[in-house]
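Engineer: The structure's right below; bear with me while I get my questions together.
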Amino acid sequence: MIKGQTIILIGIVAVVVGMLLIFIGSTFLSSGKTDSNDNSKVSTGGVILVGPIPIVFGNDKSMVSIALVGAIILMILAYILFYRGHL
C-alpha cells in the first residue's frame, strides 16, 4: 500500500517537472528565428472537467478531437481509480 506522503511527493515532483518543461520549451521557442514569411500555425485545445462533464475547447478541429480523446481517457481513468472498489 502506498502511503499518503509518497503520493504527495509524487504530485509535487510532477508539478515541478512540468513547470521546468514549460520554462525550457518557452526558452527554446522564443530564441528561435522569427521570419515575416513564416507560415507556421499554432493550434490550441483543452479540456475542463467539471465533475463528470467535460468541457472541450480549441481553435482547430484536430485539436478539439485530440482534446476530446484526452477527456474520454481521463474519465475512464477516473472511473477505474475511484469507482472500481464500489461495485
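Engineer: Can you tell me which residue is modelled with the lowest pLDDT among those in region 16-39 that are among the small types (Gly, Ala, Ser) and surrounded by 10 or more Cβ atoms within 10 Å (Cβ to Cβ)? Outline the logic, then answer.
Structural biologist: Looking only at region 16-39, we keep the residues that are among the small types (Gly, Ala, Ser), and these are 18, 25-26, 30-32, 36.
Applying the additional criterion that residues be surrounded by 10 or more Cβ atoms within 10 Å (Cβ to Cβ) yields 18, 25-26.
Numbers: Gly18: 90, Gly25: 81, Ser26: 78.
Within region 16-39, the match that is modelled with the lowest pLDDT is Ser26.
Engineer: If you don't mind, there's one more thing I want to ask. Thr6: of a type outside the set (D, E, K, R), open to solvent by less than 80 Å² (accessible area, probe 1.4 Å) and at pLDDT 85 or above, yes or no?
Structural biologist: The answer is yes for Thr6.
Engineer: Could you say whether any residue in region 46-61 is modelled with pLDDT of 85 or more, assigned to a helix (DSSP H, G or I) and surrounded by 10 or more Cβ atoms within 10 Å (Cβ to Cβ)?
Structural biologist: Yes, some residue in region 46-61 is modelled with pLDDT of 85 or more, assigned to a helix (DSSP H, G or I) and surrounded by 10 or more Cβ atoms within 10 Å (Cβ to Cβ).
The values are calculated or read from the model by the stated rules, or taken from the named source; none is laboratory data. Quick caveat: nothing in here was measured; it's all calculated off a predicted structure. Note that we place each Cβ from the backbone using ideal geometry, even for glycine, and neighbour counts take in every protein chain shown. Remember, those area values only see protein heavy atoms, side chains included, never the ligands or the DNA or RNA. Shrake-Rupley method; radii C 1.70, N 1.55, O 1.52, S 1.80 Å.
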